[in-house]
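Every number in this text was worked out from the coordinates using simple rules, so none of it is lab data. Keep in mind it's a predicted model, so treat the numbers as computed, not measured. Heads up, the Cβs are rebuilt from the backbone with ideal geometry, glycines too, and the neighbour counts pull from every protein chain shown.
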Amino acid sequence: MSFTEHLHLGYQNRKFDIDKRKTEDFIDRFFRFIFFLEYQRCSDITQIEERLNAFKAEFTEILSCVMKGQEAVESEVFFAKFSDIYRMLEKDAQYICENDPAAQNMEEVMFSYPGFFAIAVYRFAHELFINNVPLIPRIWTEFAHSKTGIDIHPGAEIDENFFIDHGTGIVIGETTVIGKKVKIYQGVTLGALSVTKDLEHQKRHPTIEDHVVIYANATILGGETIIGENSLIGGNVWITESVAPNSVVFHKGQVTVKNKLPVNEPINFII
């Protein structure tokens, strides 16, 4: 088979005819509209209603590429839940603003925080995921991943008041469960102990209970691993077993600092 024949067969066998860029562009523009990030102000309520209806019609069209006749029903379900998702996102933004000393106000969080964008896209994608909408949830969360460096699978279950600070390099796996008022810093991995296809219907990723703080570059693995409430997980730790509530977990390394050595004397130090 020639390469052109291979491509031809691939297009014939493609399951969904969906415009990936259009799907990504939709969630980007929708986010900017609902969080007041557009340059032009909407002049009145009628204009806002018209814009929302236009987004709804566009979303229904996108859904038609994967739902095959059920797109109108799913669009209605999604927009019926939209106000609840939105209120949860407002709580996320407020929690970020209250806990990050660098945040000046809610507007700054919504305009500029990559963590908030990743959380917002995740929450919209999760609603589609639990309704068994194919492909679109992953397109959305991988789009957010490409923009922010934050990889949240749409299947993860994340409760309200979620705070991602900085965020670059965060990975949150499909079966992760995260409770209320959890803070996560850059480089954190909530992953699986092993990756094999036969585990696809099992819980592979950890559970993080309420009021937990996880500092930079911590790695927490395994579906049976539970981080108890009110625990503090220090940076660079590797955890594969459960941690009791109210625990402090930290990595103790050796750091030795010496004064400058004379010229030509060998350098010998430990970090």
(request) Among Glu127, Glu107, Glu98, rank each residue by its count of other Cβ atoms within 10 Å, from fewest to most, as a rough exposure measure. (result) Glu98, Glu107, Glu127
(request) For the chain, find the longest principal axis of its Cα atoms and tell me its angle to the long axis of helix 136-148, 0 to 90°, nearest 10. (result) 50 degrees
(message) What do you get for the angle between helix 3-13 and the principal long axis of the chain? Use alpha-carbon atoms, 0 to 90 degrees, nearest ten.
(response) 70 degrees
(message) Quick check: Cα centre of the range 10-79 to Cα centre of the range 225-241, how many Å?
(response) 38 Å
(request) At a Cα cut-off below 24 Å, give the lysines reachable from Lys180, other chains included and same-chain residues fewer than 8 away excluded. (result) Lys81, Lys91, Lys203
(request) Using Rg/Rh (Cα atoms, Kirkwood Rh) as the read-out, say which of [x] 1.07; [y] 0.95; [z] 1.12 was calculated from these coordinates. (result) [x]
(request) Rounding to the nearest 20 debye, state how big the charge dipole of the range 156-271 is about its Cα centre with +1 on each Lys and Arg Cβ and -1 on each Asp and Glu Cβ. (result) 560 debye
(request) Just grab the label-to-label distance for Leu9 and Ala72, each label 7 Å out from Cα along the Cβ direction, in nm (one decimal). (result) 4.0 nm
(request) Between Phe33 and Arg87, with labels modelled 7 Å along Cα→Cβ, what's the label distance in nm to one decimal, could you check? (result) 2.3 nm
(message) As I understand it, the value is the acute angle between the Cα axis of helix 71-99 and the longest principal axis of the Cα atoms of the chain; what does it come to in degrees, rounded to 10?
(response) 30 degrees
(message) For the pair Ser43/Ser112, report the inter-label distance in nm, with labels modelled 7 Å from Cα in the Cβ direction.
(response) 3.2 nm
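Can you give the FRET efficiency for Glu160 and Ser2, using 1/(1 + (r/R0)^6), R0 = 41 Å, r = Cβ-Cβ distance, to the nearest 0.05?
Values: r = 54 Å, r/R0 = 1.33.
E between Glu160 and Ser2, to the nearest 0.05, is 0.15.
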